[in-house]
Amino acid sequence: MFELESHGPDTFVGTGPQYPWGGLYGGQIVAQALRAASESVDDAFVAHSIRAYFIRPGDHLEPVRYEVDRIRNGRSFVTRRVVARQAIGAILNAECSFQRPEDALSRQTIVAPKVPSYDSILNSSFSEHFDRRSVASGDVSGPLPEGSGRQIAWMKSTTEIDDTAASLILHQCWVTFMSDDLPTDCVRNALVDEHPEFAYVPSASLDHTIWFHRPFRADRWHLHDFTCHHVSNSRGLAVGHVFSETGEHVVSITQEVLIRAPRT
């Protein structure tokens, strides 16, 4: 999924399959952009965030060209810009930041909700590359988050990944891949109770930001918890947190979703 072919200095090419809705999956493009950026960074630095803007839909019939710009090499932080292109032009623009790990204070300020085990829930993933066990809203307890339209699921990659320092970027890429799955659902959930006409209208991801807080294994179960914080101008803001099985907060995610009322 994240193997890229080198096409000259700081230029890489990747491919992706067609997904059920047609075309490429945004989560894969963001994940491949992160992998491309990492190829230009010294191994002493670890990705801590990526901010991506979806520009055009991707075509699964074409390869994707990732062009990396080395914005800055600092002592503590490294910054890269990645533009993903196809024949039609740019389809994604991403900014990636990498940090040299530091021995510093760590404090978790949010708590994972209490939900049933993934063992008791059926898989409902659209892709063979990851499992998704969606949690029914009535089975969730614990502190109520801000926002509405809550969407919660246990998720993990179906690909086994080794646990070496060199493989950390692959774990990050897999969570990046999965992180584009739930935001649209929670924005739609926030609307349909009062506006049922939004249940089946088309939608699209506009921008996507991820912060990696702690090391994790993407091939182990994690709880993804999303809520919608605002909807206006046909844009809904989804905010998500990813927790390990032991309740550690390992990743935070935000996404703006384009969702328009049906035309009459």
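The values are calculated or read from the model by the stated rules, or taken from the named source; none is laboratory data. Note that the structure is predicted; figures quoted are calculated from it, not measured. When we count neighbours, we look across all protein chains shown, and the Cβ atoms used for this are built from the backbone with ideal geometry, even at glycine. Remember, those area values only see protein heavy atoms, side chains included, never the ligands or the DNA or RNA. Shrake-Rupley method; radii C 1.70, N 1.55, O 1.52, S 1.80 Å.
Here Trp211 sits with roughly 90 square angstrom of accessible surface, probe radius 1.4 Å.
Among 89-96, 8-15, what's the highest-first ranking by average C-beta atoms within 10 angstrom per residue? Could you put the intermediate results ahead of the total?
Working: 89-96: 19.6, 8-15: 15.6.
Packing order, densest peptide first, comes out as 89-96, 8-15.
Once every Cα of the stretch 136-264 carries one equal point scatterer and solvent is ignored, give the base-10 log of I(q)/I(0) from the Debye formula at q = 0.18, 0.22 Å⁻¹, two decimals. Scattering profile of the stretch 136-264, log10 relative to I(0): -0.95, -1.26. Over all projection directions, the Cα-based convex hull of the stretch 1-111 averages an area of 8.9 nm².
For n ≥ 4 DSSP H runs only, could you compute -39500 (n - 2.57) per run for the chain, divide by its residues and tell me the 222 nm figure to the nearest 500?
Details: 3 runs with 34 residues, N = 264.
Estimated from H runs of four or more residues: -4000 deg cm²/dmol.
What is the stretch 47-204 by shape, rounded, prolate or oblate, if you read a ≥ b ≥ c off the alpha carbon gyration tensor as root eigenvalues and call it rounded for a/c under 1.5, prolate for a/b larger than b/c, and oblate otherwise?
On the way: a/c = 1.74, a/b = 1.26, b/c = 1.38.
Verdict is oblate for the stretch 47-204.
Comparing Cα centroids, the stretch 49-88 and the stretch 137-197 end up 23 angstrom apart. Taking Thr159, Thr246, Thr79 as the candidate residues, the one with maximal mean-square fluctuation in a Gaussian network model of the chain, Cα springs under 10 Å, is Thr246.
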